[in-house]
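Structure first, commentary second.
The values are calculated or read from the model by the stated rules, or taken from the named source; none is laboratory data. Because the structure is predicted, anything quoted here is derived from the model rather than measured. For neighbour counting, all protein chains shown are included, and Cβ atoms are generated from backbone atoms with ideal geometry for every residue, glycine included.
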Amino acid sequence: MAKPFSPLVLVVDDDAAHRLMLTTLLEEWGYRALEAEDGAAALEVVHKGPVDLVLMDMRMPRMDGIEATRAISLYNPAIPIVIMTAYSSISSAVDALKSGAYDYITKPLDFDALQMVLQRALEHTQLQQENEGLRQQLARLQVPQIFGRSPVMQEMLETVALVAPSDATVLITGESGTGKGLVARAIHCNSLRAQKPLVEVNCAAIPETLVESELFGHEKGAFTGANRQRQGRFAQANGGSLFLDEIGELSLSMQAKLLRVLQEGEIQRVGSDATLPVDVRILAATNRDLQDMVAEGAFREDLYYRLNVMAIEVPPLRERIEDIPVLARHFWEAFAEKNRKTVKGIAPQAMDLLLKHAWPGNVRELENVMERAVILLRGEYISEKELPLSIQRLKQEDTSPGESVERDFGYSAGATLAEMEKQMIRQALKETAGNKSETARRLGITRRTLHLKLKKYLQEDDAP
């Protein structure tokens, strides 16, 4: 059994009795301790081998605390340094912080405070190391065609980076056009199966009578038109990944057969009694709410939990408008090259309309809009004229000064955006008799977003 991790603390103090007291105390707290009589000796210890934390006095001969802090931080900035100083020398401690120290504590030492400072310094360092590891992982992450600087996209990409190296089944949810297929490819490309095939199947595009044959294959003569043996998608993906898009469209009978394959790790071709082992990682996607489908009896609960080992939700474009300029540029540059045109940019008025549009078709709709704009472009800058009429009308629909925006929801021109949004959500909930899935669909947001907004407004209503 592995021993629990015990941080190594270097105590730096020219007072031998004080050093002995501190090392004894640290060992009682579960730390390991080393000693150094001044800053120069501490630097030698750090050069010989890594330590987890330095606890250092300020005033010492040969090399004082500030000089030693600067030298240690230059050599290894990852080592947290806690300075011990007399209350009258706090200004010197501040100088040490500027030189790279993590924190300081005043003498005479408060042992409870010291213990808290040490724990906080070590936890901070551990968090930095984890974040750096994640940043490096994200830097290595291959995410072709996935663009986004918004917080929700960065959070999603962090999840992809963590999930990809595992072999877990992943359920990718999100509205149509958000890029669920790109997320599946990113997971596969960054997995241990990257050198093996990624086979994609759109479950909604296959006639129900052919789904079983498409997934598992069939023997010659298994049914009319089966003139030869056919290898199914599971067999094609053996050793790699199988992306089942729109999995919510599978019939209950096919769901049962898919569940058996996931449980047993083997398939059976149509028309055959023999079973064949398969090693496939399943990546599934849907734009439907599978939990609601389970409640309605339209999706098997056991299959849902089998698929939902790791869940990744791809946010709709309207919830990450910061990404619209980045995506628009990517698309117009790609289509300009394809159509041999020069596009220098997009006019501010046109970009304003893109930012105001609701994007029901999400990224796919933006891609189509940019392709259309490039094809129709006569000059070098995309203007409002190249955008679809549905987007151009947003300019005409802007409310003029003094005009009432009361409409059907009962809010006035003085209402804030938050108040308007709250009223719209209440109205939609009333119209759907409290059905949250239908409310989210009508408002054009995800169930998760609706849940967060309801929680926020409930807290506001409960506030004194």
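Quick one: in segment 332-346, of everything that is modelled with pLDDT under 90 and surrounded by 16 or more Cβ atoms within 10 Å (Cβ to Cβ), which residue is farthest from the chain's Cα centre (by Cα)? Across segment 332-346, the extreme among qualifying residues is Val343.
Just so you know, in segment 142-156 the residues that are surrounded by 18 or more Cβ atoms within 10 Å (Cβ to Cβ) and out of contact with any Asp or Glu (no Cβ under 9 Å at 6 or more places or on another chain) include one that is modelled with the lowest pLDDT, and it is Val143.
Residue check: Glu296 meets all listed conditions (1) modelled with pLDDT of 90 or more; (2) under 23 Å from the mean Cα position of the chain (by Cα) but one, namely (2).
Every test in (1) in contact with a helix residue (DSSP H, G or I) (Cβ under 9 Å, 6 or more places away or on another chain); (2) surrounded by fewer than 20 Cβ atoms within 10 Å (Cβ to Cβ); (3) not in a helix (DSSP H, G or I) is passed by Val54 save one, and that test is (2). Scanning segment 2-51 for residues that are in a helix (DSSP H, G or I), of a type in the set (Val, Ile, Thr) and surrounded by 12 or more Cβ atoms within 10 Å (Cβ to Cβ) yields Thr23, Val45, Val46.
Under the condition of being assigned to a strand (DSSP E or B), polar (S, T, N, Q) and within 14 Å of Val270 (Cβ to Cβ), the residues counted in segment 216-260 number 1. Within segment 269-279, being closer than 14 Å to Arg233 by Cβ and either out of contact with any Gly (no Cβ under 7 Å at 6 or more places or on another chain) or part of a strand (DSSP E or B) (or both) holds for Val270, Leu276.
Scanning segment 311-331 for residues that are surrounded by fewer than 18 Cβ atoms within 10 Å (Cβ to Cβ) and outside any helix (DSSP H, G or I) gives a single hit, Ala311. When Gly177 is tested against (1) surrounded by fewer than 19 Cβ atoms within 10 Å (Cβ to Cβ); (2) on the phi > 0 side of the Ramachandran plot; (3) touching a Gly at 6+ places or on another chain (Cβ under 9 Å), exactly one condition is not met: (1).
Every residue, every condition in (1) among the aliphatic types (A, V, I, L, M); (2) more than 29 Å from the chain's Cα centre (by Cα); (3) within 24 Å of Glu301 (Cβ to Cβ), yes or no:
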| site | (1), (2), (3) |
| --- | --- |
| Glu219 | no, yes, no |
| Ala226 | yes, yes, no |
| Phe234 | no, no, yes |
| Ala237 | yes, no, no |
| Ser241 | no, no, no |
| Arg260 | no, yes, yes |
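Pairs meeting the criteria (first residue in segment 201-223 and more than 11 Å from Asp245 (Cβ to Cβ), second residue loosely packed, with under 12 Cβ neighbours inside 10 Å, beta carbons under 8 Å, at least 6 apart or on different chains) are Lys220/Asn227; Lys220/Arg228.
Looking only at segment 267-275, decide whether some residue is charged (D, E, K, R) and under 20 Å from the mean Cα position of the chain (by Cα).
Checked segment 267-275: no residue is charged (D, E, K, R) and under 20 Å from the mean Cα position of the chain (by Cα).
Screening Trp359 on (1) surrounded by 14 or more Cβ atoms within 10 Å (Cβ to Cβ); (2) assigned to a helix (DSSP H, G or I) shows it passes everything except condition (2). For Leu192, are the conditions met, namely being surrounded by 14 or more Cβ atoms within 10 Å (Cβ to Cβ) and at negative phi? Criteria not met by Leu192.
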